[in-house]
Structures are given as C-alpha cells and as structure tokens.
Amino acid sequence: APRPATGPGTNHATDDPFTADRTSWWRQDRFGMFIHFGAYSNLEGEYTRPDGTVCRDAEWIKRECKIPNDAYEKQAATFNPADFDAKAIVRAAKDAGQRYIVITSKHHDGYAMWPTKQNSWNLRDHSAFDPHRDILAELKRAADAAGIKLGFYYSIWDWHDPDFADPATFPRYKKRMYAQLKELVDNYDPALLWFDGEWDAVDPVNTWSRKDGAELQTYLHALNPELIVNNRVGKRGVVDGDFGTPEQEIPAAPVDGQLWESCMTLNDHWGFARYDTHWKSPATIVRNLLDIASRGGNYLLNVGPDKRGRVPQPSVDRLREAGRWLRAHGQGDAVYGAGYTGLVATPSWGAVARRGNDLYASVTAWPAAGRPLHLTAREAFTITSARVLGSGQRVTVTPAGDGFDLTPSGAATGPVASVIRLTVKPPA
Ligand code: JFZ
C-alpha cells in the first residue's frame, strides 16, 4: 500500500519495525547475501612479515597481525579488483534465492570502497584499480536491474582515521562519518544500512554512546525516511535500530520485541582467506534458512571475494545448489513471506513456519522408521489438508495427545528437508 508522504526530518526511529511499511520488503525477503570486500581482501588472508614469517587472518588482518600503517597502505596501493563483476554477483545471489545484498562500504580498516570525497583512503584514490570504475555504483545498477535490494555495511569503528581514537578529536571524525553516510545515501540510494563497530571498547577509548546512535538514526531518516537500519547503529539493547543481528547463530524462537537477522559466513572467515576451505554444504544452507524463517528471522549469508574481486567458485556452487533445491521443491513458500507461528511448539524433528493459513513443517531429522512426526499444538486448531511439497504425497493427520501425529504415505525422506504443507483452520 502506498504510504503517506513523509517529509525530511521525520524520525522513524520510534515506529514499529514489526508492522512498518518501511520494513515490509525486508520482512518478506528473508534471505540476503552479505559481501565482505575491502583492502584486506588484497592480502587474501595472509601477511608475510619482513622477517619472512606468515600471519593469517581475514578482514581483521591489519590488527590481528599488527601490520604497521605504512605497510598496510603500501599493500592497499596494489589492490586491483579488475575482475569484480557486479552482474555475476547479482546473478549468484538471485540463483541462490537471495533477495537482497549487503556489501561492506567501509570495514574497521576505514578503507572506503567508493570514491568518497572525505579522504583519499578509498578504492579510487588509493589502489591500482581503474579510477573510472565505482563498484558500488556497478552493484547498485545490477541489483536494480534484477529487482534485488542493496544495502551497505558501514563500520563506525575506524582504525585508520586518527581522529577516531581521541575523544578530543572525535567530533571531527564524526563529521566525516556523517558526510560519508550522506554520500552513500545520496549517490547509491541504499535500501538498508548495516552498522558495526559501535561495540569497540578497546581502541583506545570507546566514545560511541546511546545519544550518538539515536542522533545518527534521526540524521539517516531525514536523508531517507525509508531506510532500514540494524541495531548496531547504537548501543545494542538501547538504541535498537530496526533489527537485531545475532552472529553465526540461530536464536530460539521467537525473539521478543525486535526483528532479527542471523548473519553467517559460508566458510569460517568473512573476508577472503585462501586457505579456508571449510564450506557449509547446500543442505546446511537450506536447513538454516528454513529454521531461521520459521523463527521469524532473516538469513544474511556471506561471501568474500578474492583480491581480483571474484566470488570464490565453491561459494557460488553451494549457493546455486541451495537455490536450485529450494526452487525444485517449492520450499520458497516456507521462506518468503513466511514466519513464526505461535500455533505449535518447535518440534525436535525440524521447524514449522506459517504463511497465512498454511503451516510449513520442514522435516530435517526423520524419526525412526514407522514413527509419526508429532506436532504439539499450543492452541486449538484443525488441519484441513496435509501434503509433502514437491512430491504432492499425502500425509495422514491423526489427533494425538497434545496435538497431532503426521504420517507420510510412503518413504518421504527428502535429501535435504521435506516440507509438509498443512492447511489449518486457526482458532477464531
Ligand atoms: C563484526 C566484525 O568485527 C567482523 O569483522 C564482521 O564484519 C562481522 C560481521 O561483524 O564482528 C562482530 C560483531 C558483533 C559481534 C561479534 C563479532 N557480536 O555481537 O558478538
């Protein structure tokens, strides 16, 4: 529905993100691609010290390997992601069934991935990359063409800007940060901003306060009232933004009082690390997605392009396989626009999501042969039809104890997860 015109200065920080029109696309879309890409990607996870020893880390490599500023700047000057292919990245997301993309515009190392006018520590002015290219603009164009929403990760914590660390000079840093965010909003029209680093309490003084978070949100919504902002804009639990961001974990359903998005990476690093081959399987991706959607959350799954800007093939392959599987079995119905249902308890054998009057019971761990799938009802309701998605196989429903027993009519063990659609007549 069209929303009433909102003028600049309207503060949406206090509207209810659960029901706001502003967040409607995000609440439906459920599945996004996270991209960690920056000057650290150029090291591909390995730093060789002057003494020849090697230190390993990904997007934290500067800090964890204690790389001196000049050495880090020197390597960044050779960064040339000439093979960055926005269309291919958007296609990979689309093939996976991902409906939005969040890319790091600036990580903790402070390096801007767009031609910012606030400093020269950015991909155009400090790299070996074609100065006429702008990867954020390329991504925006490709995403728009494909109907995919684009958002930017932005780290409040900045290891490069000397004004960040000192409370006396922090106001100067803050001014530049505000100016950078205005550049991002004005030039690329992101649908979402994903903040991070507000939690810094070590380097060397934590200046980000509750007031800073609230003020920043007001500023952003004055630039674009539709912007969706994550909780890390402020102190978590104080200035909450629109959604919580549990990391690498799936919270128990439901999370009270806040929308949430579980971010995970496809292997064990966010940024590219050439030695990390510990990839999640397509089955794990699908199961996580079904599980997260059933608990009312979103799934933001990360890829880390290499120094040439290429998304690792193992990531592309796994995403494609997960997407193929979701499409082939119609499981998208259990994901897009689906969410938490209070009607039943979360079963030990899987997850149950709700969309309108349909429940989607994903079976990821089948009970022993001959045993039914038991569903505990939290409220009285009736089931009017039950079928396995994809195969159309009938499922027998019998009232049993505190709920129902579901018995598929044959061997219904999907390779990844079988989803049973239960049409219900909910309590009036
Ligand atoms: C942050 C970054 O430091 C990291 O590099 C990556 O970008 C990730 C997505 O976000 O790491 C965090 C942030 C928050 C928590 C833990 C790690 N947290 O809330 O526990």
Inset, instruction - Within the range 170-183, identify whether any single residue is closer than 22 Å to residue 228 by Cβ and under 19 Å from the mean Cα position of the chain (by Cα), and answer yes or no. - result: no
Inset, instruction - Scan the range 55-102 residue by residue and report those that are of a type in the set (Asp, Glu) and assigned to a helix (DSSP H, G or I). - result: 64, 70, 73, 95
Inset, instruction - Scan the range 136-156 residue by residue and report those that are aliphatic (A, V, I, L, M) and either part of a helix (DSSP H, G or I) or at positive phi (or both). - result: 136, 137, 139, 142, 143, 145, 146
Legend entry - Within the range 144-176, tally of residues that are within 11 Å of residue 207 (Cα to Cα), in contact (Cβ under 8 Å) with a residue 24 or more places away in the chain and loosely packed, with under 14 Cβ neighbours inside 10 Å: 2
Inset, instruction - State which residue is modelled with the highest pLDDT when the search covers only the range 201-211 and only residues that are more than 15 Å from the ligand (Cβ to nearest atom) and not aliphatic (A, V, I, L, M). - result: 211
Legend entry - Contacts under 8 angstrom Cβ, first residue in the range 280-303 being more than 23 Å from residue 192 (Cβ to Cβ) and away from the ligand (no atom under 16 Å from the Cβ), partner of a type in the set (Lys, Arg) and in a helix (DSSP H, G or I), 6 or more apart: 281/318; 282/318
Inset, instruction - Go through (1) assigned to a loop (DSSP other than H, G, I, E, B); (2) within 20 Å of residue 121 (Cβ to Cβ); (3) within 16 Å of the ligand (Cβ to nearest atom); (4) without any contact (Cβ under 8 Å) to a residue 60 or more places away in the chain and name the single condition residue 195 misses. - result: (1)
Legend entry - Candidate set from the range 25-54 (those that are touching an Asp or Glu at 6+ places or on another chain (Cβ under 7 Å) and outside any loop (DSSP other than H, G, I, E, B)); member that is surrounded by the most Cβ atoms within 10 Å (Cβ to Cβ): 40
Legend entry - Matching residues in the range 382-396 - criterion: being in a strand (DSSP E or B) and either charged (D, E, K, R) or farther than 13 Å from residue 409 by Cβ (or both): 382, 383, 384, 385, 387, 394
Inset, instruction - Kindly establish whether residue 276 is at pLDDT 95 or above, surrounded by fewer than 17 Cβ atoms within 10 Å (Cβ to Cβ) and among the acidic types (Asp, Glu). - result: no
Inset, instruction - Please specify each residue of the range 266-312 satisfying the condition of being in contact with an Asp or Glu (Cβ under 7 Å, 6 or more places away or on another chain) and of a type in the set (D, E, K, R). - result: 268, 274, 276, 306, 307, 308, 310
Inset, instruction - Within the range 247-266, work out how many residues are without any contact (Cβ under 8 Å) to a residue 40 or more places away in the chain and either in contact with a helix residue (DSSP H, G or I) (Cβ under 6 Å, 6 or more places away or on another chain) or within 14 Å of the ligand (Cβ to nearest atom) (or both). - result: 6
Legend entry - Enumeration of residues in the range 363-381 that are under 15 Å from residue 425 (Cα atoms) and either of a type in the set (Val, Ile, Thr) or assigned to a loop (DSSP other than H, G, I, E, B) (or both): 378, 379, 380, 381
Inset, instruction - Only residues that are in contact with a Cys (Cβ under 7 Å, 6 or more places away or on another chain) and under 18 Å from residue 106 (Cα atoms): list them for the range 42-63, please. - result: 57
Legend entry - Condition met for residue 227 (closer than 25 Å to residue 30 by Cβ and more than 16 Å from the ligand (Cβ to nearest atom)): yes
Inset, instruction - Test residue 345 against the criterion of being within 17 Å of residue 294 (Cβ to Cβ), out of contact with any strand residue (DSSP E or B) (no Cβ under 8 Å at 6 or more places or on another chain) and among the hydrophobic types (A, V, I, L, M, F, W, C), and give yes or no. - result: no
Inset, instruction - Answer yes if at least one residue in the range 212-235 is in contact with a Leu (Cβ under 8 Å, 6 or more places away or on another chain), at pLDDT below 90 and not in a strand (DSSP E or B), and no otherwise. - result: yes
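The values are calculated or read from the model by the stated rules, or taken from the named source; none is laboratory data. Just so it is clear, the model here is predicted, and its values are computed rather than measured. Note: ideal-geometry Cβ built from the backbone for every residue, glycine included; neighbour counts use all protein chains shown.
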